[in-house]
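Written below as C-alpha cells is the structure these notes are about.
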Amino acid sequence: MTAQLNPRGDVAVLVPAAGAGVRLGPGAPKALRLLGGEPLLVHAVRRIAAAPSVHTIVVAAPAAEVDAVRRLLAPVAPVVVVPGGAERQASVAAAPGRRATGGPDIVLVHDAARALTPPELIESVAGAVRAGHHAVIPVLPVVDTIKEVGAGEVVLGTVDRSALRAVQTPQGFRRSVLTAAHAAAGDSLTDDAGLVEKQGVPVFCVPGSEYALKVTRPFDLALAEHLLAVGH
Ligand code: CTP
Ligand code: MG
C-alpha cells in the first residue's frame with residue numbers, strides 16, 4: 001500500500017481530514033466542502049504534493065467517505081487513504097499505524113482545513129526537523145490584545161501578548177517522537193505538539209504563514225475564496 005511522490009523525499013505527511021466541520025454550518029464533511037469549485041482536501045493535497053521533500057501522503061478521511069476520497073485524490077497525487085477517528089487525535093493516530101515501518105523518518109501532521117498552505121511552509125517545517133529539532137511548529141504573532149475573562153464576562157486581566165504565538169500546521173516531528181507522544185497520550189488535544197510537550201521534548205517555532213489559515217467558520221471560507229481568486 002505504498003504511494004510515493006518523490007522517491008528521494010524524506011518526509012511523510014499525515015493529513016487529518018475526517019472532521020465534520022460543525023462550525024462551518026450544515027453540509028458535507030469540511031474536507032469535502034468546495035473552495036473555488038474544488039474540495040478543500042484537493043487544494044491541501046495539491047500543495048503538499050508540490051513540496052519537494054514529500055515522499056508519502058496519508059489522508060485520514062471520514063469513515064463513510066474513504067472510497068470517495070480515494071477516487072477524488074487519484075488524479076491529484078499518489079495518496080494512502082485511511083478511515084479517521086471520532087476526534088482529531090484519533091485520526092492522526094489512525095494514520096501512522098497503517099504505514100509500513102522503514103518509511104520516512106520525518107513526519108508532518110497537517111490539517112486538510114489549512115487548504116491554501118504554501119509548499120514553502122511545508123519545506124520550512126521539514127527543514128527544521130532535518131536540521132535536528134525533534135518537534136517543530138509554525139507560529140504567528142498574536143495581533144489582538146488578549147484579556148482573561150472570568151464569571152459574568154468580567155475582565156480579570158490583560159495577558160502580555162509579546163510571549164504569545166498562534167500555532168498552525170504543518171507540525172513536524174521525528175517519527176519516534178510523534179509515535180511515543182501518541183502512545184502516551186491520555187486526554188485529547190487539538191495539537192500534536194501539545195502531546196510532545198507533555199513528554200518533555202522541546203518544541204521549536206518557525207515563522208508561519210497567513211495563507212495557512214484554518215478554514216473554520218464561514219468567514220474563513222469567504223477569505224480563502226478571495227485568496228484563491230487572487231492567485232494563492
Ligand atoms: N479532524 C479529523 N478527525 C476528526 C476531527 C477533525 O481528521 N475527528 C481534522 C479536520 O478534518 C481538520 C483538522 O482535523 O482538517 C482540524 O480540525 P477542525 O478545524 O476542528 O475541523 P472539524 O473538526 O471538521 O471542524 P469542527 O470542529 O467545526 O467540527
Ligand atoms: Mg474540530
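The values are calculated or read from the model by the stated rules, or taken from the named source; none is laboratory data. Just so you know, these numbers come straight off a predicted model, no measurement behind them. All Cβ positions, even for glycine, are placed from backbone atoms using ideal geometry, and neighbour counts span all protein chains on display.
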*Quick one: in the range 48-63, which of the residues that are buried (at least 22 other Cβ atoms within 10 Å of the Cβ) and more than 16 Å from ligand 2 (Cβ to nearest atom) is farthest from ILE106 (Cα to Cα)?*
VAL59
_Residue satisfying condition, being among the charged types (D, E, K, R) and either touching a helix residue (DSSP H, G or I) at 6+ places or on another chain (Cβ under 9 Å) or on the phi < 0 side of the Ramachandran plot (or both), within set GLU120, GLU153_ = GLU120
*Which condition does SER209 not pass, out of (1) within 16 Å of ligand 2 (Cβ to nearest atom); (2) touching a residue at least 40 places away in the same chain (Cβ under 8 Å), if it passes all the others?*
(1)
_Any residue in the range 1-22 that is within 18 Å of THR169 (Cα to Cα) and among the β-branched types (Val, Ile, Thr) sitting within a Cβ distance under 7 Å of a residue that is within 16 Å of ligand 2 (Cβ to nearest atom) and at pLDDT 95 or above? List the pairs, counting only those 6 or more apart or interchain._
VAL13/HIS110; VAL15/ALA44; VAL15/ALA60; VAL15/HIS110; VAL15/ALA112
*Mind counting the residues in the range 185-210 that are closer than 12 Å to PRO138 by Cα and away from ligand 1 (no atom under 16 Å from the Cβ)?*
7
*Can you find a residue in the range 26-43 that is among the basic types (Lys, Arg) and in contact with a Pro (Cβ under 8 Å, 6 or more places away or on another chain)?*
yes
_Going residue by residue through the range 98-114, is there one that turns out to be farther than 19 Å from ALA193 by Cβ and not in a loop (DSSP other than H, G, I, E, B)?_
no
_Of all residues making up the range 9-34, the number that are more than 6 Å from ligand 1 (Cβ to nearest atom), in a loop (DSSP other than H, G, I, E, B) and either aliphatic (A, V, I, L, M) or surrounded by 21 or more Cβ atoms within 10 Å (Cβ to Cβ) (or both)_ = 2
*Segments classed as strands (runs of 3 or more DSSP E), wholly inside the range 140-232, with at least 1 members that are among the basic types (Lys, Arg) and over 22 Å from ALA49 (Cβ atoms)*: 146-149, 165-167, 171-174
*With ALA126, ALA86 as the choices, which residue is within 16 Å of ligand 1 (Cβ to nearest atom) and closer than 24 Å to ALA193 by Cα?*
ALA86
_Residue list for the range 173-232, filter: more than 28 Å from HIS133 (Cβ to Cβ) and basic (Lys, Arg)_ = ARG217
